[in-house]
Amino acid sequence: MARLTAEDRRALLVEAALTVMARDGVAAATTRSICAEAAMPQSAFHYAFRSKAELLQRITEISVGTITADLDRRALDGKDLRDTLVAAMDLIHESIVVDAPRQMVVYELTLLDMRAPDDPGSLGRWQYSLYTQRAASLLASVAEHADVRWTVDLHALARLVATAVDGTALAWLADRDSDASRASLHVLADALVALAEPMS
């Protein structure tokens, strides 16, 4: 069997951690159980990650990437601003539904992080900063595609979008009402249209 690269080992451990957390809960994801799931000796963990916190950050990053994968490319097929925003919201909702067990893991990690004895909330601060950056990137791409500019501060608008989507995802995980979730995201799209003006 070919020797694993450091990056391959990291990827396998992340996948194993997500599997353990989705199946058994975050509390069950010890380095021992993660390495057992990945069929690696426990010592392999410390060669791949400096700490468990680094692993958790990587898991959050992957979760955000899963939700927003190909978002710019697929959503920007829309004909006008509203059509593009609605397409983006539908893609986000689809990703949440498809990846529900992993989304639950991220919420569980966020809540546990708030009670962490050392630097409580550090993972959450990083997580929402990443959400906001990704939302800002999407809003900038959408504005360029539709030839509009936002009439409010982009960072503030991006944070609004990020937290609105995050809240909608949590509500869907609680009630599994896809019609209600999509409807609320479409209302968010309409609100965004009202905050844009033509470049010309």
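List of remarks:
- Qualifying residues in segment 123-161 (those that are within 17 Å of Val86 (Cα to Cα) and open to solvent by 70 Å² or more (accessible area, probe 1.4 Å)) - the one modelled with the lowest pLDDT: His145
- Among residues of segment 123-140, those that are under 24 Å from Glu54 (Cα atoms) and either not β-branched (Val, Ile, Thr) or not in a helix (DSSP H, G or I) (or both), counted: 12
- Residues that are within 27 Å of Gly124 (Cα to Cα), part of a helix (DSSP H, G or I) and either among the charged types (D, E, K, R) or open to solvent by 50 Å² or more (accessible area, probe 1.4 Å) (or both), drawn from segment 162-179: Thr163, Asp166, Leu170, Ala174, Asp175
- Evaluation of Val98 against the conditions (1) touching a helix residue (DSSP H, G or I) at 6+ places or on another chain (Cβ under 7 Å); (2) exposed (fewer than 13 other Cβ atoms within 10 Å of the Cβ); (3) not charged (D, E, K, R) shows that the sole unmet condition is (1).
- Of all residues in segment 15-41 being open to solvent by 70 Å² or more (accessible area, probe 1.4 Å) and not hydrophobic (A, V, I, L, M, F, W, C), the one that is farthest from Ile96 (Cα to Cα): Pro41
- Within segment 148-173, residues that are closer than 29 Å to Val98 by Cβ sit with their Cβ atoms under 6 Å from residues that are open to solvent by less than 60 Å² (accessible area, probe 1.4 Å) and hydroxyl-bearing (Ser, Thr, Tyr), at 6+ positions apart or across chains, in these pairs: Ala158/Thr132; Arg159/Thr132; Ala162/Tyr131; Ala162/Thr132; Thr168/Ser181; Thr168/Ser184; Trp172/Ser181.
- Within the set Asp119, Asp113, the sole residue that is open to solvent by 70 Å² or more (accessible area, probe 1.4 Å) and either of a type in the set (D, E, K, R) or outside any helix (DSSP H, G or I) (or both) turns out to be Asp119.
- Beta carbons closer than 7 Å, at least 6 apart along the sequence or on distinct chains, pair a first residue in segment 21-49 that is in contact (Cβ under 8 Å) with a residue 40 or more places away in the chain and farther than 20 Å from Ala6 by Cβ with a second that is open to solvent by 70 Å² or more (accessible area, probe 1.4 Å) and of a type in the set (A, V, I, L, M, F, W, C) for Val26/Leu112.
- Residue selected from segment 186-200 under the condition among the aliphatic types (A, V, I, L, M), in contact with a Leu (Cβ under 9 Å, 6 or more places away or on another chain) and closer than 15 Å to His93 by Cβ, by the criterion least open to solvent (accessible area, probe 1.4 Å): Ala189
- Residues satisfying the stated conditions in segment 44-103, i.e. under 24 Å from Ile34 (Cβ atoms), among the small types (Gly, Ala, Ser) and either modelled with pLDDT of 85 or more or part of a helix (DSSP H, G or I) (or both): Ala44, Ala48, Ala53, Ser63, Gly65, Ala100
- The combined condition, being open to solvent by 50 Å² or more (accessible area, probe 1.4 Å), in a loop (DSSP other than H, G, I, E, B) and free of Cβ contacts under 8 Å to residues at least 40 places away in the same chain, is not fulfilled by Leu12.
The values are calculated or read from the model by the stated rules, or taken from the named source; none is laboratory data. Since the model is a prediction, treat every value here as computed from it, not as a measurement. Every residue, glycine among them, receives a Cβ derived from its backbone with ideal geometry; neighbour counts consider all protein chains shown. Side chains are part of the model used for accessible areas, which takes the heavy atoms of the whole protein and leaves out ligands, DNA and RNA. Shrake-Rupley method; radii C 1.70, N 1.55, O 1.52, S 1.80 Å.
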